[in-house]
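The values are calculated or read from the model by the stated rules, or taken from the named source; none is laboratory data. These numbers come from a predicted model, not from an experiment. Methodologically, a virtual Cβ is constructed for each residue, glycine included, from the backbone with ideal geometry; neighbour enumeration extends over all protein chains shown. Calculation scope for accessible area: heavy atoms of the full protein, side chains included, ligands and nucleic acids excluded. Shrake-Rupley method; radii C 1.70, N 1.55, O 1.52, S 1.80 Å.
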Amino acid sequence: MNLRPHSAFLRRAPALLAVSLVLMVLAGPAAAVKYTPEPATGATFVPVGGKPYIQIGVKPVIIPLLGPGTLTGYSRVSFEPGEAGPKAGTIEFAGLTDRTISIPLNFTPSTKSTWDDGREGVPSGGRKFEVYVPAGVHDVTVSGLVPDGGFMVANFRYDGPGQDQVEAARKSGAANPWSYRNTFGVEVIYDDNVITQSDEGIDAWVDGVSPLQFRIGAIEDLLVAPWLDFSATRQFISWGNTKFRFKIKRWMYTQNPVKTNTDLHWYLRQYWGSKKSLELYYHYAPEQFIRMLTDRPPYGDDDAPSQYKEFRFTRNVAYAMWRQTV
């Protein structure tokens, strides 16, 4: 009587085992997503404890990745023989957003690890870092800064799509090479002296002593100032990203529309790595009313009465700025 259930189980065991093996095979690749990404450029490997650390303190390292995913790893810095800690360092990631991601870290000499190639000194203990990689293809530029001297190394692990998919995504155009950042807002401002006059000037307007001196309907005003800030970034050259930025702000006077005016700003910034950039800037404000000022026709009689005329001006500002982190 007890043999039938046992015999039935034995008859079903091969089928159950086969199903289990299939599930294990299917689950295996799905779980093995995290891997060590390869740099696109020639990198200097400095192994520590048998692990492939890459030197990033001398020149930036470019790692092509397809997001979304998470890039993690450990960084170390070098210590000379007898040098004590702590020592500060910064690991930076460019090419993920329109800004460089900087992660400051503090290091102390390792009491266990040594350089596998037998060089003098010791590495520090490893400090973990983690950055999110957005959807799309990214040429992630990694660099390291050690202000107190020495160099930085790092190893990397990526939890995301394989690097073998990067070129296919790049060629298919599935990944947009542009990244955008847009912000907008509205400011509401109260101004209790629109005519920008002294107390005597305000009294003259209130009393109507000199009506031609003013072109306003109220001394106090409420300004409504909407603004838009738009930027677009793309890497055209291997040196670094190129960023285009445009800002516009409209100053609208609700009680004195004659003073309404606009500010426009254009920026062009070219990056060289993560620490150098050249920015070209141009600002333009179309003709805007400031106030009424007295004037006489040129070459006229000095005793002729002066006339009130509108004082307006147009603003044009341009500059070039070099930025460098040292």
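Output the number of residues of region 220-239 satisfying the condition of being open to solvent by less than 50 Å² (accessible area, probe 1.4 Å) and over 13 Å from the mean Cα position of the chain (by Cα).
Number satisfying all stated conditions: 6.
Cβ-Cβ under 6 Å, sequence separation 6+ or interchain: first residue in region 252-281 and assigned to a strand (DSSP E or B) and at pLDDT 90 or above, partner of a type in the set (A, V, I, L, M) and crowded, with 16+ Cβ neighbours inside 10 Å. Which pairs?
The qualifying pairs are Tyr253/Leu223; Asp263/Ala285.
Being under 20 Å from Tyr319 (Cα atoms) and buried (at least 17 other Cβ atoms within 10 Å of the Cβ) is the filter here; which residues of region 250-274 pass it?
Asp263, Arg269, Tyr271
Scan region 91-106 residue by residue and report those that are within 18 Å of Gln55 (Cβ to Cβ) and either open to solvent by 30 Å² or more (accessible area, probe 1.4 Å) or in a loop (DSSP other than H, G, I, E, B) (or both).
Going through region 91-106, the residues within 18 Å of Gln55 (Cβ to Cβ) turn out to be 91-94, 103, 105.
The one that is within 18 Å of Gln55 (Cβ to Cβ) and either open to solvent by 30 Å² or more (accessible area, probe 1.4 Å) or in a loop (DSSP other than H, G, I, E, B) (or both): Ile103.
Please determine, by comparing only the residues of region 157-177 that are of a type in the set (Asp, Glu) and surrounded by 11 or more Cβ atoms within 10 Å (Cβ to Cβ), which one is modelled with the lowest pLDDT.
Step one: filter region 157-177 for residues of a type in the set (Asp, Glu), giving 159, 164, 167.
Applying the additional criterion that residues be surrounded by 11 or more Cβ atoms within 10 Å (Cβ to Cβ) yields 159, 167.
Working: Asp159: 92, Glu167: 87.
Once the filter is applied, the top-ranked residue is Glu167.
Could you identify the single residue in Pro86, Pro109 that is more than 18 Å from Tyr132 (Cβ to Cβ), open to solvent by 80 Å² or more (accessible area, probe 1.4 Å) and touching a residue at least 12 places away in the same chain (Cβ under 8 Å)? Step through it out loud before you land on a result.
Numbers: Pro109 fails: open to solvent by 80 Å² or more (accessible area, probe 1.4 Å).
Result: Pro86 is the single residue among Pro86, Pro109 that is more than 18 Å from Tyr132 (Cβ to Cβ), open to solvent by 80 Å² or more (accessible area, probe 1.4 Å) and touching a residue at least 12 places away in the same chain (Cβ under 8 Å).
Given the conditions (1) modelled with pLDDT of 95 or more; (2) assigned to a helix (DSSP H, G or I), report the number of the one that Trp205 does not fulfil.
(1)
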